[in-house]
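Colleague: Would you mind keeping the following structure in view while I ask a few things?
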Amino acid sequence: MSSMKKGLIICAGFMLALTAFMAAPAIACEPHDHIDRAVVPTGDIPDVLDFDGNLTAWIEQEVDTATGTSYMLYENHGGFWADAEKAPGSDGVGNPAPDNPGDEDDLACWAATDSNMLEWTGWGFVGGMEGTDDFFQYYVDHTTDYGSLVQYGLQWWFNGNLPTHTGDWSVEDVAGGDFWSASYAWTDYTEQSAGAADVLPDIKSWLEDGYAVGLGIYPRTGPGGHAITCWGVNFDTAKNPVTEPEDYYLGVWVSDSDSHKNQVDPDDYLRYYEVDWDPIWNRWYMPNYGSGWNISAVTALHPFPGESRPVADAGGPYVVNEGTVINFNGGGTTDDDSVLYRWDFDGDGDWDTSWASSSTANHVWDDDYSGDVYLEVFDGRLRDMDITTVTVNNVAPSITVVGDTIVEDGIATVSGTISDPGTLDDFAMVVDWKDGSVVTYTYSAGTTTFSETHQYLDDDPTGTPWDNYNVALTLEDDDGGSTSTTTTVTVINVAPIITALGDTIDENGVATVSGTLLDPGTLDTFTITIDWGEGPVVSYSYPAGTTTFSETHQYLDDNPTGTMSDTYIILVGVVDDDTSAGSTSTSVIVNNVDPVTSIDSMGQPNPEFILPIVHTLDFLGSFTDVGTQDTHSAVWDWGDMTSDAGTVVESGGSGTVTGSHVYVVPGTFTVNLTVVDDDGGSSFDTFDVVVVDAHGALDIMNDYIQSLDDGLFDHTPDRLKNAFSNKIDALHNMVDAGAYEGAITKLQHDLLWKVDGSLGGNPGNDWINDPTVQAEIAMKINDICAYLATFL
């Protein structure tokens, strides 16, 4: 892979066999199961290392823990390490039909290693090819997919000759190579070391000389070989490299074309492996590369002659605020030739600029960032890379805001603008609406305006017609930069609206006044006042959320007096807890109720009959009235064309009526008692009175005597009853004849003597002995006598 390309490749598999003998086996990558075993050691892989702690496309990974002192080719001689990698998949070896140039690299680890070496030394930049990947593809396109040796591949590049041997060796299948035979002999610019103890000393020596180094490695057990590129060596300065080489040399840094063959365009990997000396095999080997691989051959390639490598200088470090243009300046780069520049601003392995002659480049980070910036320079033959750092500081966003004025229970809108030079910043805005609600709103990158709403159910605090809420806003970007501001939302109280419905009742009834209450302030409480049209104004309390009300009042009377009904104007008012008021009116009609009248009794002197003139009748009536405050008057109509005012005794709407009357003629009379209240309501009751004449009274008295038990008579009851009847018949005749005085005498000295033994008369004359009966008959005789006397 070229010194700058996104990808990370850990080649594992085919080991480069460098041999001094023509019969040495070709370096050909092992099948993938062996590759995986060789490249990815069992156990945990150490954390990725890079130049500044940030993950980039170039990753240093310690399979083994690096110890001692490192000597790295690119750190001491410029340039940068490279890692050509094979394409994923395997179509088998030997370029089988159909021809698939994109996957003809399964065994081309030797070519990948050559490509890395050609880039660093400058020999590869021919024919418009730009780096390791181009060189490797050129090998793949012109040679068959079999193994070879690193030095064979370099020879072919120089003079077009790709040596081969009996067996599966790569051969040229499309004419190519031979880029330098006219001017340079490949043997003058390559070094080789094979076998034994000189391998590690030669690696270190050639790296110190500024040569690119390729390694041929072989598994300690089993067939196969592989080629990898070595970029550095670790050693222990406390040891003597001559007398203590097995303790002096500690490990190597390599890139491997098979490390991530299963990935498309992986990152570049530089990995560290320990080395040990095996006195039995007489070989240096990497014990943790797979199950252990010997380093058996080393090939070194000199840099292109007559060229000095440019020294890149990326400037910096650079520190700016997000959204600010950074002018990167590689003007500190030195070389004896003119150079081209290209920049990777984020270390992702993809160059962000093309090759350009200008040493400056501009870039803007739309968000805060901290990382490496890579500058690569190229003088047409050799390259160098410098790494600088950039720190892009977050800038706190700024905010403008506009409040709102609403009525309670309304929706307030708070809107405004957001500005942030970090156009990739997301935002979170915390809004304290100051009514107990704190809400967080999120906005995506690029947001420049906002508008949020909130419902205020009430204006608080209670007791004010409006209130201002100092809404607090804190805007924070996704990097922790924040700013705060406030705005005002004015919430105006709304006066409640009340409706009322009256009632119609009878006096002493309970009237209901009900209605609706409308207030958008759903948290408002209310005081409703009702002037019932009588008495004091009454207050009623209602909680928040009330939408209807209903109150009652008892009207004992319809006032004013003298009307059958009265209308009371009801004044209804409401005040919410923020002093806003509403009012309405309705009416209650109170109807008068007629009293209920009855004639309860009539008192008469003689329980058997009523006679004109001599009998005074005493009447008792009563009445009730639900109108407990009503007063009443009464009239007795006696039924004989006369009437009298009744005597009324009352309390709380109920009372009695009395009256007395003497009839002057006999007859049947209907007595009418009418009671009238003070509002004109009235009712009446009637009572029939029968007033008899003398004949009637005599017949009633005779009927009474005839009905008496026989045992009440002194003797022979039938004869005595008959005798009484004859005497009364005689009296009828006397009355008819107008012999009133004679009739009186007969009554007093004939009939009375027969029943007055117990009343001061002569008991010996009594026909009836019972004192009670004697008194009853005597009363009737006296009353008839009194009546007859009125005719004298």
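The values are calculated or read from the model by the stated rules, or taken from the named source; none is laboratory data. Fair warning: this is a prediction, and the values are worked out from it, not measured in the lab. Here the Cβ positions follow ideal geometry from the backbone for every residue, glycine too, while neighbour counts run over all protein chains shown. With ligands, DNA and RNA removed, areas are computed over all heavy atoms of the protein, side chains included. Shrake-Rupley method; radii C 1.70, N 1.55, O 1.52, S 1.80 Å.
Colleague: Could you please find all residues in region 445-464 being in contact with a strand residue (DSSP E or B) (Cβ under 8 Å, 6 or more places away or on another chain) and surrounded by fewer than 15 Cβ atoms within 10 Å (Cβ to Cβ)?
Modeller: Within region 445-464, T448, T449, S451, T453, Q455, P461 meet the criteria.
Colleague: Residue by residue through region 142-167, note down the ones that are touching a residue at least 60 places away in the same chain (Cβ under 8 Å), buried (at least 17 other Cβ atoms within 10 Å of the Cβ) and not in a helix (DSSP H, G or I).
Modeller: The answer is Y146, G147, S148, L149.
Colleague: Which condition from (1) open to solvent by 50 Å² or more (accessible area, probe 1.4 Å); (2) not in a loop (DSSP other than H, G, I, E, B) is the one that T485 breaks?
Modeller: Checking T485 against (1) open to solvent by 50 Å² or more (accessible area, probe 1.4 Å); (2) not in a loop (DSSP other than H, G, I, E, B), the one that fails is (1).
Colleague: In region 401-450, what residues are over 30 Å from T522 (Cα atoms) and within 24 Å of the chain's Cα centre (by Cα)?
Modeller: D426, F427, A428, Y443, S444, A445, T447, T449
Colleague: Restricted to region 315-327, and to residues that are of a type outside the set (A, V, I, L, M) and touching a residue at least 60 places away in the same chain (Cβ under 8 Å), which residue is surrounded by the fewest Cβ atoms within 10 Å (Cβ to Cβ)?
Modeller: Here the answer is P317.
Colleague: Let me ask something else about it. Go over the candidates Y318, Y285 one by one and state the one that is over 30 Å from V395 (Cα atoms) and either in the same structural domain as P201 (by the TED database) or out of contact with any His (no Cβ under 6 Å at 6 or more places or on another chain) (or both).
Modeller: That would be Y285, the only listed residue that is over 30 Å from V395 (Cα atoms) and either in the same structural domain as P201 (by the TED database) or out of contact with any His (no Cβ under 6 Å at 6 or more places or on another chain) (or both).
Colleague: Right, here's the next one. Just name the residue that is surrounded by the most Cβ atoms within 10 Å (Cβ to Cβ) out of those in region 206-252 that are touching a His at 6+ places or on another chain (Cβ under 6 Å) and at pLDDT 95 or above.
Modeller: Ranking the qualifying residues of region 206-252, first place goes to Y211.
Colleague: If we keep just the residues of region 182-228 that are acidic (D, E) and assigned to a loop (DSSP other than H, G, I, E, B), which is nearest to A300 (Cα to Cα)?
Modeller: It comes out as D209.
Colleague: Another question about this same structure. Look through D679, D630 and report the one residue that is in contact (Cβ under 8 Å) with a residue 24 or more places away in the chain, in contact with a strand residue (DSSP E or B) (Cβ under 7 Å, 6 or more places away or on another chain) and either under 29 Å from D558 (Cα atoms) or of a type in the set (K, R) (or both).
Modeller: After applying the criteria, what remains is D630.
Colleague: From the list S565, S601, S651, which residue is out of contact with any Gly (no Cβ under 8 Å at 6 or more places or on another chain), free of Cβ contacts under 8 Å to residues at least 60 places away in the same chain and within 30 Å of N782 (Cα to Cα)?
Modeller: Unique residue meeting the criteria: S601.
Colleague: Moving on. Can you confirm whether T790 is touching a residue at least 24 places away in the same chain (Cβ under 8 Å) and exposed (fewer than 15 other Cβ atoms within 10 Å of the Cβ)?
Modeller: yes
Colleague: Continuing with the same structure: In region 407-432, which residue that is open to solvent by 20 Å² or more (accessible area, probe 1.4 Å) and hydrophobic (A, V, I, L, M, F, W, C) is farthest from V471 (Cα to Cα)?
Modeller: Of everything passing the filter in region 407-432, L424 is farthest from V471 (Cα to Cα).
Colleague: Taking interchain pairs and intrachain pairs at least six residues apart, which have beta carbon atoms under 6 angstrom, with the first residue in region 286-311 and closer than 28 Å to A66 by Cα and open to solvent by 10 Å² or more (accessible area, probe 1.4 Å) and the second among the small types (G, A, S) and part of a strand (DSSP E or B)?
Modeller: S296/G216
Colleague: Now for a separate question. With the condition kept exactly as written, say whether any residue in region 223-235 is in contact with a strand residue (DSSP E or B) (Cβ under 9 Å, 6 or more places away or on another chain) and either among the charged types (D, E, K, R) or not assigned by the TED database to the domain that holds Y74 (or both).
Modeller: no
Colleague: I would also like to ask the following. If you scan region 687-734, which residues turn out to be in a strand (DSSP E or B) and acidic (D, E)?
Modeller: Listed by number, the list holds a single entry, D688.
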